[in-house]
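Taken together, the values in this text are just the output of simple stated rules run on the coordinates, not laboratory data. Being a predicted model, the structure only gives us computed values, none of them experimental. Because the Cβ atoms are built from the backbone with ideal geometry, glycine has one as well, and the counts that use them run over all protein chains shown.
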Amino acid sequence: MKNKSGELSTQQIVLIIILIASFIVILFFLFRLGLGEKSEEQLCHNSVLQKASVFSDAPLQCYRNYVCITKDGSCEELIKPEKIKVKSLDEVYEALANEMADCWWTFGEGKVEYVGKDFTKNNYCSICSQIYFDNSLENIEGVEDKKISKDKLYDYLTKNDYSKEQTYSQYLLGTNDLSLFKSQGSFGNIEIGKQYFNVMGITSEVENPWSASFGAGVGAYTFIGLLKTFVLSAASGPPGWVVGVVVVGTAAITAGALEISDLIEPEIGAIVVEGRGINNKFMSPTLQEAESDKFEALNCEEILTYI
Amino acid sequence: MENKKNKSNSGKIFIIRFKGNKKGMLLAEETLKTVIAVIVIVFLVYFLVNLYFGKLKDDAVKSSEQILISSDQSIKNIIGSLKEGESKNLILQRVSTFGDNWHLLSFTEIDEENPNACAGKNCLCICDDVPSEILKTQANECNKDGICAVVQNLKNEKINLELGEILTEISISKQNKEVLITKK
């Protein structure tokens, strides 16, 4: 106690301990904020933009995001997913709309050709997120038979704002008018307890990956991806940037000349939009059951995102 | 009183010097510096070891991806080309580096936990084997450092084959629409 210098060094030790403790507390809160996920998204977005440059040959740095939508916080099917807790069906739709919009933003909003020199295939897909719909969602009001309607999800996209200027639908498809799609059929349902891919794609400038039917099934039943292209006319042309829809379903025939009318329970698998400022077409973000025949029918020839 | 106590206990002589003169003070400062230096060195060593083993793991994952998915003779491609009743043999080489013990594993609906990449379906993974699941589960290990491929009609049987120094020969067959993988 007599030596002031001695006291100072004790103070220093205390100060260092306090500093370390504060640092740990700050780190804890930083990790809780989940900034890592955002920076991963940013990293992917930057690599997409970089790929558009003529001089860049750097690979895309995009990873699949694992998301669990849950009511009670339990998510048994996925290991350490990003959990989104919801209380109502609207919150489920909001979570899905944000996932789809994030995917569209990350891959350049249809303004960037991000495949580069290796563009040899017709449809390059990006699985932005793998979403698990936890069993606890069964107890949410409006959920019937363990199913969530994708038609209502698209209604949500047209009625809710993504930003001050536009709705989710305007951001993704350039229009709020989805009546033309509805006349083609339903978007189908999401089954609770299953995992879905939030997937988008970029297609070749010349070839149409969905113009011909293709089979993935065995026997009489074939899953197909069939593009229904809208007739371009001033009066009833397709709304926004939409050029067509990919209709998926089963067919009792395996013939090459397959029509949508041949399909049993046809579903709109994806909406195809024109690129803006570039000649490529884009498959706008869509939700399809993971590793299912309907996902296969989207004809993703290569997946650009890493697992 | 304090001095008397400390004189009888040689372990506390240092404290008397610490309180009493500048040399002791210097020693305390040096001790602090040494402690900080040790902490920094430990962090540096940890960082470098992680960097080195991270690189080795990356190489192992790339080799695993070749075996499982991307090469022409990958397990996934062979399964895709098999017709009912057909079988093909495949020789698997070692993918891991020293210290690691990578295996070809199956995860099916009978397992409690599956890696995320399996998306709730039957799948095959190549990853480091976890001898005891007390600290970390096998699914967790494959999820973090490993490569997985969904094989929808994989038979609900446990596959656990070591990809060691001795080449592993496997047989892949399709029977009753189910995919079977056995060691030869």
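Could the peptides B:162-169, A:282-289 be put in order, highest first, of the mean number of other beta-carbon atoms found within 10 Å of their residues?
Working: B:162-169: 13.6, A:282-289: 24.1.
By packing density, highest mean first, the sequence is A:282-289, B:162-169.
Kindly identify region A:22-94 as rounded, prolate or oblate by the Cα gyration tensor criterion: order the square roots of the eigenvalues as a ≥ b ≥ c, call it rounded if a/c is under 1.5, otherwise compare a/b with b/c, prolate if a/b is larger, else oblate. Could the numbers behind the result be given before it?
Working: a/c = 2.68, a/b = 1.51, b/c = 1.77.
Verdict is oblate for region A:22-94.
In debye, nearest 20: dipole of region A:83-192 around its Cα centre with unit charges on the Cβ of K, R (+) and D, E (-)?
In debye, rounded to 20, region A:83-192 gives about 260.
Report, to two decimal places, the Cα Rg of region B:93-139 normalised by 2.2 N^0.38 Å (N = number of residues). It would help to have the intermediate numbers written out before the result.
Values: Rg = 11.4 Å, N = 47, 2.2 N^0.38 = 9.5 Å.
So region B:93-139 has a normalised radius of gyration of 1.20.
When a footprinting reagent is the concern and you count Cβ atoms within 10 Å, what order do B:His103, A:His45 take, fewest first? Mind dumping the intermediate values first?
Values: B:His103 22, A:His45 18.
Taking fewest neighbouring Cβ atoms as first place, the list is A:His45, B:His103.
I need B:Asp58, A:Asp102, B:Asp72 ordered by Cβ neighbour count within 10 Å, fewest first.
B:Asp72, B:Asp58, A:Asp102
Any idea what diffusion coefficient region B:81-164 gets from Stokes-Einstein, in µm²/s, Kirkwood Rh on alpha carbon pairs, 4 °C, 1.567 mPa s?
Here the translational diffusion coefficient equals 96 µm²/s.
Sort A:Trp104, A:Trp241 so the one with the fewest other Cβ atoms within 10 Å of its own Cβ comes first.
In increasing order of surrounding Cβ atoms, one gets A:Trp241, A:Trp104.
Sequence-distant or interchain residues sharing an amide H contact under 5 Å with A:Thr175, placed H: which?
Residues meeting the amide H criterion: A:Gln170, A:Trp241.
Specify which residue in the list B:Leu154, B:Cys125, B:Cys142 is farthest towards the positive end of the charge dipole of region B:107-163, using unit charges on the beta carbon of Lys, Arg (+1) and Asp, Glu (-1), about the Cα centre.
Of the options given, the answer is B:Leu154.
Mean separation of Cα pairs under 8 Å and 6+ residues apart, divided by the residue count of region B:25-184: what relative contact order is that in percent?
Working: 268 pairs, mean separation 40.9, N = 160.
The normalised contact order for region B:25-184 reaches 26 percent.
Decide, for region B:56-127, between rounded, prolate and oblate: order the square roots of the alpha carbon gyration tensor eigenvalues as a ≥ b ≥ c, take rounded if a/c falls under 1.5, and otherwise choose prolate if a/b is larger than b/c, else oblate. Show your work: numbers first, answer last.
Numbers: a/c = 2.02, a/b = 1.15, b/c = 1.76.
Note, shape of region B:56-127 comes out oblate.
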